[in-house]
Amino acid sequence: VQEKEELIEEWQPEPLVPPVPKDHPALNYNIVSGPPTHIITVNGKKCINFASFNFLGLLDNKKVKSAAQASLKKYGVGTCGPRGFYGTFDVHLELEERLAKFMRTEEAIIYSYGFATIASAIPAYSKRGDIVFVDEASCFAIQKGLQASRSNIKLFKHNDMADLERLLKEQETEDQKNPRKARVTRRFIVVEGLYMNTGDICPLPELIKLKYKYKVRIFLEESLSFGVLGEHGRGITEHFGINIDDIDLISANMENSLASIGGFCCGRSFIIDHQRLSGQGYCFSASLPPLLAAAAIEALNIMEDNPDIFQILRHKCERIHKSLQG
Amino acid sequence: MANPSAVCNGHLHHHHQKQNNLLKSGIYKKNGITKGMKKNGISNGTLYKKTFIEHFEQAPMYVAVLTFLGFGVGTVFGYLRDFMRAWGLEKRNVATEREQQKDFVPLYQDFENFYTRNLYMRIRDNWNRPICSVPGPQFDLMERVTDDYNWTFRFTGRTIKNVINMGSYNYLGFAETDVNALKTVTIELEKYGTGICSTRQEMGTLDKHVELEQLVAKFLGVEDAMVFGMGFATNSMNIPALVGKGCLILSDELNHTSLVLGARLSGATIRIFKHNNMQSLENLLRDAIIYGQPRSRRAWRKILILVEGIYSMEGSIVHLPEIVSLKKKYKAYLYLDEAHSIGAVGATGRGVVEYFGMSPDDVDVLMGTFTKSFGAAGGYIAGKKDLVDFLRTHSHSAVYATSMCPPVAEQIIRAMKCLMGLDGTTQGLQRVRQLGKNTRYFRRRLHEMGFIIYGNDDSPVVPLLLYMPGKIGAFARRMLEKNIGVVVVGFPATPITESRARFCVSAAHTREMLDTVLNALDELGDFLHLKYSRYSKSSHPELYEETRLED
């Protein structure tokens, strides 16, 4: 017993946090005063903003702001509860319907934080023992979702369909050794529409072919491509002209083009309804403040009424790319 | 039967624990109604500066038997229905897989959804009820009917007006639409717009965030604070930044999902101690330090204790003085999640740290959310400057997730200023006092009526035990008929035999509203036979009131 007391006395833990050098860039952050729109005031200086994801310029749109003001007068700011316990407002239901109609899917589900959307959607379907094929350059939220799901992860080289096919073939030979297990192991491919880390688009038509050949489901993360690609802004499926039902789950966040906060997943009811009980960021967290939902609805209205803003955005992107490439 | 208000060492103790814990679950269950006095080595009588009364009464045995019987019947009928559905004798109401994908591996195993399909679906109309007004002390519900036994819902277009709200987390009543109160929020919304479109380390730090963080630090009495856009994400993204492989996390049995997710994502070893059981925690601490890591026997790099201020399903308050003394003795770190307790307990609303009269320096990491008491959204972490600086650089949320939106930040600022009295009125303090009065009145009356209530006498979260699965649906529906909205929870959020209704008292509730609810509960309790408590009404009701005149 004396020995045990001595051990307890002697043990010294590490300090809770290691010291951080004082000149770390994140500690001397830039403070933005005023709205982070196209002309942004950083540290007191007026600059042109090439850093925010304000793709459609809806951040300081008058109509969006007045919709948010009306909702503020009616509902206050917070929802004071998760969706299951009186936190479901009629604006949430309306936004879900509008998103499902816009993306031409059966159902949509809304999360209150963009990061939590894909990070809760993946572990709801893929559990320990399932296999997920994911691109190497996938964003951090996807990586966290995969880590939380505890599934087997197989990385394939960025946008390299041959590498993915090789992995799928290897998996097929594995399956033949153990057909009983193969019958219950679910398989998924997780890709992004527009990759945050590299800026490329994924080759979706080839992925669809691989999907039906090897019987894997596709989860598409469209945070950057929603409202950017496609003739009407419906994302990469419209860009390539693919039937939306071929994709099992589309997840996007509303923090980029829709200039709001939060995220949504859309797809067939068979798939989306499951998240209402098993999506952790949905069941155990307060719902989206109604003023943000109203702002998102108004932004959707603007997107539907003015389909030419996507053309304007595309022209500007092409121009910048051409000028920078010389 | 021992006198319920027996006094020992000058402290009223209704709750105690046996020295040798023969019990399986962490919740104290005693066979019968015997009581004893605390006998363990830690003289907690001197650590607590005020009386600490908790109740976790166990129901009589026949209740447990009937509960299991109820679930058994439900399961049998579930199997019957599945059989009938598989053979086409009954219509399938669930959505099904696409024709083209029928030969893919099935997405859901049949048995995983057994509970959802057969038991949850029958009483599904008690959850996800949509409202169409501000979630204040009263709200308007949208009327929903179902034609096919809860498989689909249809809105009739009518609203049920002025339903008393006992379900939303509106502890201080800041969920309001008063034009004067929201004046600054309106101005900020006009100025900044709704979104940010950027992360904290890029262009996402607004001057509003800096103002908010300084205010939070001042409110809590610590050196620095950092705010995040979502409370759930605060836990799941910052615990991995603080601990990693080779560290040990000691987490309470009944911790919230966000804490569990954060602990799992961090990669540290997790050990669970029984709910609020200091003996169990001390045993774990001693074993950890003496025996080290499981296979290599090396010493642990750090030990982090994860607890919550108020547990939302139990209504119990953490035994903070004992935990702090344990932490100091064994050199561990303490992470306190005050999601429900910030603003709701304490003389001026500063949370459990103030409630126990301790200094905020005792807790290493103070975490909380703004969703409950402040009527907004988001979370914060506060503590020493080194800690917050480290989080600014290394937290996943700072690098990858968007920051809080400006109108929401303004709402928190104005609510906090009101609480601290910086806006020139005493309204904040009045709200905290009103919440305390409402809580104590509500709990006292429920005890007198004979219901089994869990938790501490000062916590505004009041779980009322229902036990049997049939009563869950009946209770919620009948309360709605009386124009009162309640929240009921069953398995899997609670243990299978302890389904409950959970009330959240708010400072905005008036005495009349509480009386309406209490009368309705009285009637319903007699009708549904919910009054399981075997303690007789205390014959000295004024004894409770007098000891609570001071904070």
Return the single residue from A:165, A:174, A:94 with maximal mean-square fluctuation; model: Gaussian network over chain A, springs between Cα atoms under 10 Å. A:174
Per-residue Cβ contact counts at 10 Å, fewest first, order B:278, B:358 as B:358, B:278
Residue farthest toward the positive end of the dipole of chain A, with Cβ of Lys/Arg at +1 and Asp/Glu at -1: which of A:12, A:71, A:143? A:71
Defining a contact as two alpha carbons under 8 Å apart and six or more residues distant in sequence, what relative contact order in percent does the stretch A:26-76 show? 23 percent
Output the Kirkwood hydrodynamic radius of chain B, Cα pairs only, in Å rounded to one decimal. 25.4 Å
Expressed as a whole-number percentage, the relative contact order of the stretch A:62-307 with C-alpha contacts under 8 angstrom and at least six residues apart is 32 percent
For a footprinting-style exposure proxy, rank A:5, A:14, B:282, B:314 by other Cβ within 10 Å, fewest first. A:5, A:14, B:282, B:314
Quick calc: nm separation of the 7 Å Cα→Cβ label points for residue A:47 and residue A:200 -> 3.0 nm
For chain B, build the charge dipole from Cβ charges (+1 Lys, Arg; -1 Asp, Glu) around the Cα centre, then report which of B:370, B:68, B:127 sits farthest towards its positive end. B:68
Using per-residue counts of other Cβ atoms within 10 Å, averaged over each peptide, order A:150-160, B:261-271 from highest down. B:261-271, A:150-160
Which of the lysines could be linked to residue A:157 by a straight reach, that is with a Cα gap under 23 Å, when you skip same-chain ones fewer than 8 residues away? A:144, A:169, A:209, A:211, A:213, A:215
The long-range amide H neighbours of residue B:464, using H built 1.01 Å from N in the peptide plane and a cut-off of under 5 Å, are B:501, B:502, B:503
Amide H contacts of residue A:189 (H built 1.01 Å from N, under 5 Å, at least 5 apart or other chain): A:133, A:217, A:218, A:219
When the Karplus curve 6.51 cos²θ - 1.76 cosθ + 1.60 is applied with θ = phi - 60°, which whole-Hz ³J(HN,Hα) does each residue of the stretch B:395-410 get, with x for Gly and Pro? 6, 5, 5, 5, 8, 10, 10, 5, 8, 5, 7, x, x, 5, 4, 5
Choose one of B:473, B:226, A:42: the residue whose Cα lies farthest towards the positive end of the charge dipole of the protein assembly as shown (beta-carbon charges +1 Lys, Arg; -1 Asp, Glu; about the Cα centre). B:473
Debye intensity ratio I(q)/I(0), log10, the stretch B:257-320, q values 0.13, 0.14, 0.16, 0.21 Å⁻¹ (C-alpha model): -0.42, -0.49, -0.63, -1.00
Report relative contact order for chain B in percent, whole number only (criteria: Cα-Cα under 8 Å, sequence separation at least 6). 18 percent
Per-residue Cβ counts within 10 Å, from other chains only, averaged over B:514-526: what number is that? 0
Take the alpha carbon atoms of the stretch A:16-60, find their center, do the same for the stretch B:53-129, and report the distance between the two centers in whole angstrom. 50 Å
So in the stretch B:210-355, what percent of DSSP beta bridges are antiparallel if you round to the nearest 5? 5 percent
Kindly give Rg over Rh for the protein assembly as shown, based on alpha-carbon atoms, with the Kirkwood expression for the hydrodynamic radius. 0.96
I need B:380, B:291, A:113 ordered by Cβ neighbour count within 10 Å, fewest first. B:291, B:380, A:113
Among A:48, A:247, A:208, residue whose mean-square fluctuation peaks in a GNM of chain A (springs only between Cα atoms under 10 Å): A:48
3J(HN,Hα) from dihedral phi, the stretch B:159-172, Karplus parametrisation 6.51/-1.76/1.60, rounded to Hz, x for glycine, proline: 10, 8, 8, 6, 7, 6, 9, 10, x, 7, 7, 10, 4, 9
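Laboratory data are not the source of any read-out in this text; all were calculated from the coordinates shown. Just so you know, these numbers come straight off a predicted model, no measurement behind them. Ideal geometry is used to build each Cβ from the backbone, glycine not excepted, and the neighbour counts take in all protein chains shown.
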